[in-house]
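Take a look at the structure below.
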Amino acid sequence: MANQYTNTQKVSAEGLRLLRNGLKFCKLIKQNWTKEFKAPESIGNKVDIRVPFNASIRKGATASPQDFFEGEVTLTIDQQTGADCQFGTLEKDLDIKEWSKRYMRSPIANISAQVEKEALAYALEVPNVISSATLTHTDIRRAKARMESNLCPMDGQWAFFINPEDEVAILTGTEEFFHAGKEIEKEYRDSSMGYAFNYRFYTSNLIPNLVTGTNTARTCAVNANVSDGATEIVLKNLDATGTIKRGEVFTITGIKAVNYQTKDDQTYDRQFAVLEDVTASGGIATVKVTEINDGSTTAGKKNISALPSANDVVVFIGSANSSYPQSLAFHPDFMTVAFADPVLPKGLNEAGKYTEDSITMRYVEDFNSTDDVYLNRFDVYYGFALLRGEYAVRVIEI
């Protein structure tokens, strides 16, 4: 078994401290299921998460029984990110603070950035979109209204992630709307701009742009009738071999979003987010989207006013071959992240791991006697799942 020296545990703990300091988004979203991936009770690399059932209501005395259905989302630990380096024997006895400063700070910062980048990329699956040429306080209010219309809990946990360029735009002329909490120094370190419009605002340069594919036919059509419970829509009248990228958004004219409780139609068309890249063949493409339900099979699952039919008009947001900056408004319940508890390998010089706030970092060290150097690596294992996309809104600068 690998040795677990006190110094190794100190290195693991220091690495985790640096990692946690670099995570902003991941610390705000749900981490309720991390315990499922901790040794020795770990259930494997997957867990099925139940999504609450929204029952349809009855008006009057006559009963109208409906099937009770809880949705399921699978959370999979399928990501591993790490950093590797080596150092000589003389550096082995450095004080942990000095060792951290010289050998750990940059690699761990890069791990944090990668994890945050991947987590924010899941925002590309959020279908709710507000488009605007420049982010303004009006757009923030529009995002707030959209989240309210989707019954997002008004519990003071809403957050808004914007890119640094938009920070300048949103603060110009609206500074009086923002107020900081009691821990001003901490908020500065965490890149928190303060609280306004029911959101805690943060800046991040890791929010991915919306990148559109080569398909220039931004108005096309549904190819065939869509059935209740479908997770794909076949589109036609696209460019012959045009591409559609994950994260692109389209509407189907006349297909409205619905209130998740009353099931009444909203005033706006339902927006669909593309979940996987796809290339058209002969101008036809099968596009993967979140599950489509008109309530005809299970009334409580209704999320659109009617099922799409052949020849319905489809309109994509934005132009082809373009890249658009995005911001993200969300409630923590919209998605989750889980960090696994990695095993410690045997037969190496040293190995250790450290857990705090549901996040585990592993440090492994081996010795190369030929070159008199220590080889070391830091690893984190994790996975993401989108739980309730209606609890988030993308604001895209189009």
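The values are calculated or read from the model by the stated rules, or taken from the named source; none is laboratory data. Please read these numbers as outputs of a predicted model, since none were measured by experiment. Heads up, the Cβs are rebuilt from the backbone with ideal geometry, glycines too, and the neighbour counts pull from every protein chain shown. Ligands, DNA and RNA are excluded from the accessible area calculation, which covers all protein heavy atoms including side chains. Shrake-Rupley method; radii C 1.70, N 1.55, O 1.52, S 1.80 Å.
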#### Entry: Spans of strands (runs of 3 or more DSSP E) in region 300-376 with at least 3 residues touching a helix residue (DSSP H, G or I) at 6+ places or on another chain (Cβ under 8 Å) and open to solvent by 10 Å² or more (accessible area, probe 1.4 Å)
350-356
### Task
Mind telling me which of the residues 319, 309 ends up being more than 19 Å from residue 127 (Cβ to Cβ) and touching a strand residue (DSSP E or B) at 6+ places or on another chain (Cβ under 9 Å)?
309
## Note on the structure
If we keep only residues of region 237-289 that are of a type in the set (Val, Ile, Thr), over 24 Å from the mean Cα position of the chain (by Cα) and assigned to a loop (DSSP other than H, G, I, E, B), then the residue farthest from residue 308 (Cα to Cα) is 241
### Message
For region 160-174, check the following and say yes or no: at least one residue is modelled with pLDDT under 80, more than 22 Å from the chain's Cα centre (by Cα) and under 30 Å from residue 15 (Cβ atoms).
### Response
no
### Summary
With the first residue restricted to region 105-117 and required to be under 13 Å from residue 16 (Cα atoms) and open to solvent by 30 Å² or more (accessible area, probe 1.4 Å), and the second required to be modelled with pLDDT of 95 or more and not in a helix (DSSP H, G or I), Cβ contacts under 9 Å at 6 or more apart or on different chains are none
### Query
Within region 353-360, is there a residue that is of a type in the set (Phe, Trp, Tyr) and over 20 Å from residue 144 (Cβ atoms)?
yes
### Query
Is it the case that some residue within region 254-277 is closer than 13 Å to residue 226 by Cβ, open to solvent by less than 30 Å² (accessible area, probe 1.4 Å) and among the aliphatic types (A, V, I, L, M)?
yes
### Message
Being of a type in the set (Phe, Trp, Tyr), in contact (Cβ under 8 Å) with a residue 24 or more places away in the chain and open to solvent by 30 Å² or more (accessible area, probe 1.4 Å): is that true of residue 381 here?
### Response
yes
### Query
Limited to region 175-219, what total is found for residues that are modelled with pLDDT under 80 and hydrophobic (A, V, I, L, M, F, W, C)?
5
### Counted residues, region 352-374 - those being over 17 Å from residue 107 (Cβ atoms) and without any contact (Cβ under 8 Å) to a residue 60 or more places away in the chain
4
